[in-house]
1. Considering only residues that are open to solvent by 10 Å² or more (accessible area, probe 1.4 Å), part of a helix (DSSP H, G or I) and not polar (S, T, N, Q), which ones fall in the range 277-306?
2. Would you confirm whether any residue within the range 387-410 is on the phi > 0 side of the Ramachandran plot, surrounded by 14 or more Cβ atoms within 10 Å (Cβ to Cβ) and modelled with pLDDT under 95?
3. Looking only at the range 312-325, decide whether some residue is part of a loop (DSSP other than H, G, I, E, B), farther than 30 Å from LYS503 by Cβ and touching a residue at least 40 places away in the same chain (Cβ under 8 Å).
4. Just one of the numbered conditions (1) farther than 22 Å from GLY402 by Cβ; (2) of a type in the set (A, V, I, L, M, F, W, C); (3) in contact (Cβ under 8 Å) with a residue 24 or more places away in the chain is not true of TRP442; which one?
5. I want to confirm something. Restricting to the range 73-123 and keeping residues that are in a helix (DSSP H, G or I) and either free of Cβ contacts under 8 Å to residues at least 12 places away in the same chain or of a type in the set (S, T, N, Q) (or both), which single residue is surrounded by the most Cβ atoms within 10 Å (Cβ to Cβ)?
6. Does SER179 meet the test of being in a helix (DSSP H, G or I), modelled with pLDDT of 90 or more and either open to solvent by less than 40 Å² (accessible area, probe 1.4 Å) or under 22 Å from VAL451 (Cβ atoms) (or both)?
7. When the residues of the range 143-164 are narrowed to those that are touching a residue at least 60 places away in the same chain (Cβ under 8 Å) and assigned to a helix (DSSP H, G or I), which ends up farthest from LEU321 (Cα to Cα)?
8. In this structure, is GLY484 open to solvent by less than 40 Å² (accessible area, probe 1.4 Å), without any contact (Cβ under 8 Å) to a residue 24 or more places away in the chain and of a type in the set (Gly, Ala, Ser)?
Amino acid sequence: MSSKANPKSGTGKRDLWTGQYGFLLAAVGSAIGLGNIWRFPGVAYTNGGGAFILPYIIALLFVGIPVLLLDYSLGHKYRGSAPLTFRRLAKKAEFLGWWQVAVSFIILVYYAVIIAWAAMYTVFSVRMAWGEDATTFFLEDFLKVEGDKLISFTPVMQIFIPLVLVWVFVTFALARGISRGVEKVNRIFIPLLVLLFLILVVRALFLPGAVEGLSEFFAPDWQALTNADVWLAAFSQIFFSMSIAFGIMLTYASYLPRRSNLTGTGLVAGFANSSFELLAGIGVFATLGFMAHQSHTTVGELEGLTGPILSFVTFPTIISLMPGGVLFGILFFTSLTLAGITSLLSLLQVVSGAIQDKFNLPAKKAAVYVSVISAVVSTALFSTTTGLTNLDVVDAFINNIGVVSSAIAMTLVAFFVAPRIGVLRRHLNLTSSVGVPKAWNWMVGLVVPVVLAVMLFQEVVSYLTEGYGDYSPGSINVLLFGWGAIIFGLIISAIFTWLPWSKKAKAEKIVRFKGEE
């Protein structure tokens, strides 16, 4: 199969990455997203600081990379989107593929909104538009939050307009196909992102109080290692930050040429993602150390050390205090925007690739259909005065229940359903320079699903008994946007599983490699 395959073709030929480097940049671009910058530093700090690095590395080696390689092996061997791959593995497993597509769709419709926020804050940084009260500016002046309403369709124009522009850009990139669109964006954005973030980190390291901030970040609390929650937090962070087990890496791997070094690429992508997270932690806590220094307090007494508040309230406050804050702000929010766009493209490719395979559509037509529908849902639900509230609840439920359940099902299907995981390991070894040991079979088939099942059980019990955030278990917000998102995903998955495949779609054809049974 030539890497020059026509992305407009609907004849069954798949557009391919131009090579390992293009695929690697795309894989890293998907993994490096908003969560790396605003989630990891806070998770590490609250779970043992420097001591957290140990369970984090163990989680990377024994969960992150093994599941990443499972994604690679499935996508590359069966040469399809998530639904097509699982159908080729076992016909009844197609539902799992559509579940991964549904999860990706739900995530991408609100993920795009955060990118629009970051893009606007890049502009705001030029004149530090948030003034002396970054909290009021973010919640009231910018988002115009109406906390007393369940749902509003009143658009906030300063969110709506940049959100539309984000969708125009990603639609254009996606419609150009894998090699001419997605790969080219990542070839430009990822090196630029790393360069900008390195400049930002170096600037942060020379701020007054930076050393104290880093000391807080890396100071080890060894007693935390005896706490099971800390280990679960490490597994959770690795799991969510690497874009594994909900269709992204599986789909991306399906566009690799037949001769590809899967395990070598997986190791580089996994360690590149974790290295960026550590870099983000250094930059964030050096900056927080400066804020604590200016406020005559400690980092531990600061609020908003993770999530949107860190990026859109805490950091603007710091930018206002520091010399050269305008440049720092532009670098930080441009980095957020670039990281978000590369991740958004990967989510869109999961959905677009599935529609393309199921209905034998040209890549361009599938991309436009998916992007337009996603843009309508995104703007209608999340660019409004209740967008932040809706986003927060949906994000928690779809990640903690949707993604984790997808991973559990995927590992169990791969382990127990014929031809079983041994064939996938053999495929990895036939196409890679680094061999995968037999222990991988048991790690993926038993250890990973058990660890994730514990995580899932804890979250479900918590949501059922305590609710989420300030919302009770029976509140409309939890029922409509939390459990409602899960039910919506299940219904969509069932509908698309039931719909017949195009007669021209080669749904049963499996590509075999020399040496495989």
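1. Step one: list which residues in the range 277-306 are open to solvent by 10 Å² or more (accessible area, probe 1.4 Å), which gives 278-279, 282, 291, 293-298, 300-306.
When the remaining residues are screened for being part of a helix (DSSP H, G or I), the result is 278-279, 282, 291, 293-295, 300-301.
LEU278, LEU279, ILE282, MET291, HIS293, GLY300, GLU301 - these are the residues of the range 277-306 that are open to solvent by 10 Å² or more (accessible area, probe 1.4 Å), part of a helix (DSSP H, G or I) and not polar (S, T, N, Q).
2. Step one: of the range 387-410, the residues on the phi > 0 side of the Ramachandran plot are none.
No, there is no match, as no residue in the range 387-410 is on the phi > 0 side of the Ramachandran plot, surrounded by 14 or more Cβ atoms within 10 Å (Cβ to Cβ) and modelled with pLDDT under 95.
3. Filtering the range 312-325 down to residues part of a loop (DSSP other than H, G, I, E, B) leaves 322-324.
Next cut, farther than 30 Å from LYS503 by Cβ only: 322-324.
Then keep just the ones that are touching a residue at least 40 places away in the same chain (Cβ under 8 Å); that gives 322, 324.
Scanning the range 312-325 turns up at least one residue that is part of a loop (DSSP other than H, G, I, E, B), farther than 30 Å from LYS503 by Cβ and touching a residue at least 40 places away in the same chain (Cβ under 8 Å).
4. Condition not satisfied by TRP442: (3).
5. At the first step, the residues of the range 73-123 found to be in a helix (DSSP H, G or I) are 73-78, 82-89, 91-123.
Next, only the ones that are either free of Cβ contacts under 8 Å to residues at least 12 places away in the same chain or of a type in the set (S, T, N, Q) (or both) stay: 73, 85, 91-92, 100, 104, 122-123.
Numbers: SER73: 29, THR85: 29, LYS91: 10, LYS92: 12, GLN100: 32, SER104: 29, THR122: 19, VAL123: 13.
Step by step, filter the range 73-123, then rank; the result is GLN100.
6. Working: in a helix (DSSP H, G or I): yes; modelled with pLDDT of 90 or more: yes; either open to solvent by less than 40 Å² (accessible area, probe 1.4 Å) or under 22 Å from VAL451 (Cβ atoms) (or both): yes.
Against the criterion (in a helix (DSSP H, G or I), modelled with pLDDT of 90 or more and either open to solvent by less than 40 Å² (accessible area, probe 1.4 Å) or under 22 Å from VAL451 (Cβ atoms) (or both)), SER179 qualifies.
7. Taking the range 143-164 and keeping what is touching a residue at least 60 places away in the same chain (Cβ under 8 Å), we get 143-147, 149-156, 159-160, 163-164.
Within this subset, residues satisfying the condition of being assigned to a helix (DSSP H, G or I) are 159-160, 163-164.
On the way: ILE159: 26, PHE160: 30, LEU163: 29, VAL164: 32 Å.
Applying the filter and picking the extreme gives VAL164.
8. Values: open to solvent by less than 40 Å² (accessible area, probe 1.4 Å): yes; without any contact (Cβ under 8 Å) to a residue 24 or more places away in the chain: yes; of a type in the set (Gly, Ala, Ser): yes.
Yes: the conditions hold for GLY484.
The values are calculated or read from the model by the stated rules, or taken from the named source; none is laboratory data. In this text the structure is predicted, and so the values were computed from the model without any measurement. As a convention, Cβ positions derive from the backbone with ideal geometry for all residues, glycine included, and neighbour counts pool all protein chains shown. Ligands, DNA and RNA are stripped out before the accessible areas are found, and what is left, the full protein with its side chains, is counted by its heavy atoms. Shrake-Rupley method; radii C 1.70, N 1.55, O 1.52, S 1.80 Å.
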